[in-house]
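Please treat every number below as a calculation from the coordinates, not as lab data. Computed from a predicted structure; not experimentally measured. Counting neighbours? That spans all protein chains shown, and the Cβs are built from the backbone with ideal geometry, glycine included.
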Amino acid sequence: MSEKLQFQTNVAVDVALKYKDGKEVTGQYGDQVLYTLTDGRVMYVPPIVKKKIDELGIERGELFTITKAEKKNGTRRTIEWVVATDGSGDRTPQRRVGQPNSQAPAQRRGGPVSAAANGNGHRPSSPSEGKGFLVTGQGQFLLQALAAAVDAAVATERYAAACGTELQFTSEDLREIGLSIYTSGAK
């Protein structure tokens, strides 16, 4: 049985679909959509996530980000699923590593990157452009290693702050941590 991706609240997760369409299922938590990911895991998401994936035109093998964001409205807390194709997702609930303030780059530019843009505001000239290496197993593993480095840095910075110590990782630190994870996992 495939490993099930568990979404933690306010943690952006980078994923790529093995197949474009998910399978609609009914389970313990009501109607959900089952997707198989390129790394062999599966994820169950509510139908609203499928709708957002379809609206963004996400293709199989394309890397995108899903965040199960907790929103507060007075004393009430709700969940909002955020789907983004620029690789950053909506990480506003957490401070992004290497950013001087808590705003994500897309927010500083004035809004989210369009679904068809490549992150620089330019449209790829063909649907397969920009995927290449990301579709391979090694490409996915490298992306996972770099994402793990970001997650580890964020958790470490939070822990340091709770202990009264200021700590901030640089992009070079993240690159080195990510590449260490990648090379140790490739052995």
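Summing charges over all other residues whose Cβ lies under 13 Å from the Cβ of THR165, with Lys and Arg as +1 and Asp and Glu as -1, gives -1.
Computing FRET efficiency as 1/(1 + (r/R0)^6) for ARG77 and TYR159, where r is the C-beta to C-beta distance and R0 is 22 Å, gives about 0.40.
Charge tally for GLU3 (other residues, Cβ to Cβ under 15 Å; Lys, Arg +1; Asp, Glu -1): +2.
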